[in-house]
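A quick write-up on the structure given underneath.
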Amino acid sequence: MTTKTPVAKKPAFEKVVPITEPTLPSLDALKDRYAKIVASRMITNAECAREFEAAVARHLGVKHAIAVSSCTNGLMLALRALNLHGEAIVPAFTFHATAHAAAWQGLKPVFVDSDPETCNIDPKAVEAAITPKTSVIMAVHLFGNPANVEVLQDIAKKHKLRLVFDSAHGFGAARKGKPVGGFGDAESFSLSPTKLVTCGEGGIVSTNDDELAKKIRMGRNYGDPGNYDCEFSGLSARMSEFNALMGIESLKLLDKNVADRNRLMKLYKELLSEVPGIGFQKIDAADRSSCKDFSIHLDEKAFGMTRDELMDALTAENIMTKRYFYPPVHWQRAFAQFGQAKKSIPNAEKLALRSLSLPLFSHMAEETVKKICAKVSQIQKRA
Ligand SMILES: *Cc1c(COP(=O)(O)O)cnc(C)c1O
């Protein structure tokens, strides 16, 4: 595109490039079984849900995978089943659902800082935040980059704390060759449409703890052990057979989707590494990220404009971006009651103010990535 004539500028893309879209199983892969579900009249929490749970447990290499209605509900149920009270240590730089789950269980979220490079909860900040009231550490594999699980497990063990992972971004991520899912007391995965494995809406809790698994299964069904004499107040958070069927087929696409996203992210990084003022999340060479999101960290001085100005410039080109995750959780109104809005959490604040997620989805064309990178570079040159 040349800019000689001052005619109304045409955006780089005619149609908006979405920040993400789900890579779905084909209708052919679903329809026979869908018909069977309808014919059977067993439309929730039945054969498909059990099959999906078994497939996920096999994939993750864990004893139990419990299908629930969302990742957030899975986290809430895990915290309730563990009967936790007092304080929960949570990262300030995450999607707010991590902290909602703690607050819902009546835990006080204590917001801590993240590592500026990996974007994951900083184990040193975790240890510094432990008080006699702490009962659980909640960590996130942010954007699919595995958290520092060994160190977190050591801290939890040393201080006799529970460790629960918000693994919403975790399908496809591996820590030193091992899929995330078997770390801590439990991990909760999201199956919402922006995640790598999707079934519309849903979640999966993974654990190797038999007793905890039993309680979470009970908890997704109100806390009812089956005799209507509820053991505790749970949720109504089962998975329908239709969702489970899509989950079964979606899981089959995971390996390819992770490989595609890693390839696209590599291309993004290669093309953007020459642009001044752009940094990336650090992923350990021994780990695999699911590449749930691709975020750039903008140094506004070197780049020549702010994160929000770049966002506006890309919007004008029909390139959708997201400020994952702004505002940081401790600044959000829902959490003002916990009195940490003014607490300085420097790396989390910096990440929240500087990160911009660019479009990434598994079936995205390399041409689209190239065109977006060329635009970012051009915007920088003109800044
Ligand atoms: C998407 C997301 C959630 C919420 O997942 P739901 O399945 O919608 O409950 C929780 N935590 C993180 C980090 C997420 O990105």
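The values are calculated or read from the model by the stated rules, or taken from the named source; none is laboratory data. This structure is a prediction, so every number in the text was calculated from the model and none was measured. Positions of Cβ are generated from backbone atoms using ideal geometry, with glycine treated the same way; all protein chains shown enter the neighbour counts. Please note that ligands, DNA and RNA were not included when accessible areas were found on the heavy atoms of the full protein model with its side chains. Shrake-Rupley method; radii C 1.70, N 1.55, O 1.52, S 1.80 Å.
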For this session: Name all residues of the range 7-42 having a backbone nitrogen under 17 Å from the label point set 7 Å from the Cα of ARG382 along its Cα→Cβ direction, giving them as ranges.
Result: 7-14
Exercise. Given a cut-off of under 8 Å on Cα pairs at least six residues apart, what relative contact order in percent is computed for the chain?
Worked result: 23 percent
For this session: Whenever you get a sec, compute what percent of the accessible area on the chain sits on carbon and sulfur atoms (1.4 Å probe).
Result: 53 percent
Problem set entry | Dipole of the range 315-383, positive direction: furthest Cα of TYR326, ALA336, HIS363, with charges on the beta-carbon | ALA336
For this session: At 0.36 nm per residue, minus the direct Cα-Cα distance, what do ASN83 and ARG263 gain on full extension? Give it in nm, one decimal, please.
Result: 60.6 nm
Exercise. Hey, which of these cross-link pairs are over 30 Å Cα-Cα: LYS108/LYS256; LYS160/LYS292; LYS133/LYS178; LYS63/LYS292; LYS292/LYS370; LYS36/LYS178?
Worked result: LYS108/LYS256; LYS160/LYS292; LYS133/LYS178; LYS36/LYS178
Exercise. Just in the range 130-230: which trypsin sites (Lys or Arg not before Pro) are loop by DSSP and have at most 14 other Cβ atoms within 10 Å?
Worked result: LYS133, LYS160, LYS176
Problem set entry | Cα lying deepest toward the dipole's positive end in the range 205-306, options SER233, ALA213, PHE294, charges on Cβ | PHE294
Exercise. For the chain, what is the percent of antiparallel DSSP beta bridges, rounded to the nearest 5?
Worked result: 60 percent
Exercise. What angle, in degrees between 0 and 90 and rounded to the nearest 10, separates the Cα long axis of helix 366-382 from the longest principal axis of the Cα atoms of the chain?
Worked result: 50 degrees
For this session: Between ARG333 and ALA374, with labels modelled 7 Å along Cα→Cβ, what's the label distance in nm to one decimal, could you check?
Result: 4.4 nm
Exercise. So what is the calculated 222 nm ellipticity per residue for the chain, using -39500 (n - 2.57) for each DSSP H run with n of 4 or more, over all residues, to the nearest 500 deg cm²/dmol?
Worked result: -11500 deg cm²/dmol
For this session: Count charges around VAL258 for me, please; just the other residues with Cβ under 11 Å from its Cβ, Lys/Arg as +1, Asp/Glu as -1.
Result: +3
Exercise. Hey, what angle do you get for helix 47-60 against the long axis of the chain, alpha-carbon based, 0 to 90 degrees rounded to 10?
Worked result: 60 degrees
Problem set entry | For the chain, size of Cβ-based charge dipole, Lys and Arg +1, Asp and Glu -1, in debye | 540 debye
For this session: Would you give the gap between the C-alpha center of the range 314-342 and the C-alpha center of the range 227-254, rounded to a whole Å?
Result: 30 Å
Problem set entry | For ASP287, distant residues with modelled amide H under 5 Å away | LYS176
Exercise. What is the distance, in nm, between label points placed 7 Å from the Cα along the Cα-to-Cβ direction at ALA365 and at ASP308?
Worked result: 3.4 nm
Exercise. Can you give the FRET efficiency for LYS256 and SER40, using 1/(1 + (r/R0)^6), R0 = 22 Å, r = Cβ-Cβ distance, to the nearest 0.05?
Worked result: 0.15
Seminar exercise, completed: Quick calc, the range 265-309, dipole around Cα centre from Cβ unit charges on Lys, Arg (+) and Asp, Glu (-), nearest 20 debye, gives 180 debye
Exercise. To the nearest 20 debye, what charge dipole does the range 261-339 have about its Cα centre, counting +1 at the Cβ of each Lys and Arg and -1 at the Cβ of each Asp and Glu?
Worked result: 400 debye
Seminar exercise, completed: Pseudo-spin-label distance SER344 to GLN153, built 7 Å along Cα→Cβ, given in nm, is 3.6 nm
Exercise. Relative to the longest principal Cα axis of the chain, at what angle does helix 254-272 sit, 0 to 90 degrees, rounded to 10?
Worked result: 30 degrees
